[in-house]
Amino acid sequence: MEDGAAAGIIDGAMNGRRKLLIIAIVTAVMAALILKHQPGVNGPWYWKWPWRQMSFWLYPAMALAAAPFVLGQFLWSARRRRAAVACLFASTLLLMLTALALQPPTGLRRIALIVQNAAVTGYYTDATILHDQPNIRTWEWLYQFPDVVLMLHHHARYKPPGLMLYYLTLVSVLGKGKAAATVGGLGIALIASAAVPATYAMLRRLGGDDDAAFCGASFLSLCPSLLLFLPMFDQAYVCFAAVMLMLYAATIQRPGWRSACAFGAAMALALFVSYIFLIFGFFFLVYWLLHGIDRGKRAAVRSGGALIFAAAVCCGLYALLWLFTGFDPIATLRVIEKAQTEALIPLMRPFPQYLLNDLLDFVMGSGYIGIVLVAMYFTTRGREAFVGRTPRDRLVQTALLQILVVAAAGLLPGEAARLWMLLLPLLMAPIGLELATWPMRQRLGVYACLWLITVVICQNMIFIYMGPEFDGPK
């Protein structure tokens, strides 16, 4: 028995080395193409992330910022789980700020410049304009929001009022200027970094595997999309999505009024920030159906009733908001949906090519090797990955179906590295389950490869273009 167990460990280690070699080869190829500024790697002909060349000092700085990440891996091995997850959070925040601080103009000045640039986001700009209207109270502009939303700047005109209210609060407290803009950007960085422990909690709840949850959260903490878009609100969406999915899982697994209220309130808050979270409706429906198939009719009825109660909580909160402010969420949704449809027409993205290109952009945002690890998971798991009924199998099946539906339906066309970012917690499910089967040493090798890809992308691609003065010609 002892000889057999030892042989199994040796075979597992050899298999891990072979897999790590594949990961290393993919990393080397993609890093070389990016460093060479190979046309097509930064996007198709109709949409490209601009090239640049940052200083070599980015590498040692990002290595230092990743020190808490490495510590977290050893703390996890020592079973100090909370400390390990906290280290992942700290490392994500440091990596995010370091990547931004070394871009021109150096330091945190770039945060305020991006936030205050109406052509990049618009939320802060519209908040300052509203702040300068002393005779207009918050409830009055919420009442008028469906009529004025199309007058807002850039991204703000396609979103509910939550994000503008975020900056309006900061401007009211700190006044107009760099202080409010910088604090707002740092707030986004904190929320985005919280996506890592939130994803850990989500994967643990849905999959029931602590090691896989930590591996998935570790991988997420190094993904290019999560780290390199500061201070765009899309980073915060990753945290919102993970929390919402975790609360949904709690409502399904342990139906009750507390879990349903929490999930309903989370949905109400998320939809007050962006309607993009409606894409998870597919995941919610399919996962509930599979839960009923696996657990029986009685479980389906109980969880279904809890979900209906959660929907009632969400609707009830919006009814209260309408009662006190006059804000009409349905009229707002209709106006924004029409405006988004009209805005896509002049972009003229070629169909069906853009469907594949968006998927490739999402793969880049996950660090390229993520998709390789997903393929390895299916190779390792075999047929059970497709037909298995364990919580882990159901999580992976539903998660990947959700991503494929978004890709095939073209629900979020263009800039997928940014717009699809909220799907990253779902992608971490098969990645975490695969990495959990690897020895610690090979696992660290994977993380090193992902770190390298992220730093190379940061050094050579611009995700938030601030004009020729700072970022050179586009």
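The values are calculated or read from the model by the stated rules, or taken from the named source; none is laboratory data. Nothing here was measured: the structure is a model prediction, and the numbers come from that model. Don't worry about glycine lacking a Cβ; one is built from the backbone with ideal geometry, like all the others, and counts go over all protein chains shown.
Some observations on this one:
- The selection criterion, being under 24 Å from V29 (Cα atoms) and either over 20 Å from the mean Cα position of the chain (by Cα) or touching a residue at least 60 places away in the same chain (Cβ under 8 Å) (or both), does not hold for L423.
- Residues that are touching a helix residue (DSSP H, G or I) at 6+ places or on another chain (Cβ under 6 Å) and free of Cβ contacts under 8 Å to residues at least 60 places away in the same chain within the stretch 184-228 comprise I188, I191, A201, R204, R205, listed in sequence order.
- For M232: the one exception among (1) among the aliphatic types (A, V, I, L, M); (2) farther than 16 Å from T454 by Cα; (3) part of a helix (DSSP H, G or I): (3)
- For the residues D358, D294, the requirement of being more than 21 Å from T251 (Cβ to Cβ) and in a helix (DSSP H, G or I) singles out D358.
- Restricting attention to the stretch 345-363, the residues that are among the aliphatic types (A, V, I, L, M) and within 11 Å of E415 (Cα to Cα) add up to 2.
- Some residue of the stretch 288-301 being in contact with a helix residue (DSSP H, G or I) (Cβ under 7 Å, 6 or more places away or on another chain), among the β-branched types (V, I, T) and either modelled with pLDDT under 90 or surrounded by 12 or more Cβ atoms within 10 Å (Cβ to Cβ) (or both): no
- Pairs are defined by a Cβ separation below 9 Å, a sequence spacing of at least 6 or placement on different chains, a first member in the stretch 32-45 that is of a type in the set (A, V, I, L, M), and a second member that is surrounded by fewer than 16 Cβ atoms within 10 Å (Cβ to Cβ) and in a loop (DSSP other than H, G, I, E, B); the pairs so defined are A32/Q38; L33/G40.
- A single entry from A343, A319 fulfils the requirement of being at pLDDT 95 or above, exposed (fewer than 13 other Cβ atoms within 10 Å of the Cβ), farther than 20 Å from F282 by Cβ and hydrophobic (A, V, I, L, M, F, W, C): A319.
- Screening the stretch 95-131 for residues that are of a type in the set (A, V, I, L, M) and part of a loop (DSSP other than H, G, I, E, B) and picking the one that is nearest to S218 (Cα to Cα) gives L102.
- Filter result for D471 (without any contact (Cβ under 8 Å) to a residue 24 or more places away in the chain and either closer than 24 Å to G16 by Cβ or more than 22 Å from the chain's Cα centre (by Cα) (or both)): no
- Restricting the stretch 174-192 to residues that are in a helix (DSSP H, G or I) and not aliphatic (A, V, I, L, M), the residue that is farthest from R110 (Cα to Cα): G187
- Where F351 falls short, out of the listed (1) in contact (Cβ under 8 Å) with a residue 12 or more places away in the chain; (2) in a helix (DSSP H, G or I); (3) among the hydrophobic types (A, V, I, L, M, F, W, C): (2)
- Residue match in the stretch 319-333 (condition: under 24 Å from the mean Cα position of the chain (by Cα) and on the phi < 0 side of the Ramachandran plot): yes
- Screening the stretch 1-86 for helices (runs of 4 or more DSSP H) wholly inside it with 1 or more residues that are touching a strand residue (DSSP E or B) at 6+ places or on another chain (Cβ under 9 Å), surrounded by 12 or more Cβ atoms within 10 Å (Cβ to Cβ) and at pLDDT 95 or above returns the ranges 2-35.
- Conditions (1) at pLDDT 95 or above; (2) touching a Ser or Thr at 6+ places or on another chain (Cβ under 7 Å); number of the one not met by V363: (2)
- Residue check, S259 surrounded by 20 or more Cβ atoms within 10 Å (Cβ to Cβ) and over 25 Å from the mean Cα position of the chain (by Cα): no
- Summed over the stretch 322-334, the residues that are surrounded by 12 or more Cβ atoms within 10 Å (Cβ to Cβ), under 14 Å from L142 (Cβ atoms) and not hydroxyl-bearing (S, T, Y) give a count of 6.
- Against the numbered list (1) in contact with a Gly (Cβ under 9 Å, 6 or more places away or on another chain); (2) closer than 30 Å to S55 by Cα, M96 comes up short only at (1).
- Residues located in the stretch 80-94, provided they are closer than 18 Å to G216 by Cβ and out of contact with any helix residue (DSSP H, G or I) (no Cβ under 8 Å at 6 or more places or on another chain): R82
- Every test in (1) surrounded by 15 or more Cβ atoms within 10 Å (Cβ to Cβ); (2) in contact (Cβ under 8 Å) with a residue 24 or more places away in the chain is passed by L150 save one, and that test is (1).
- Any chance L97 is under 17 Å from P197 (Cβ atoms) and surrounded by 16 or more Cβ atoms within 10 Å (Cβ to Cβ): no
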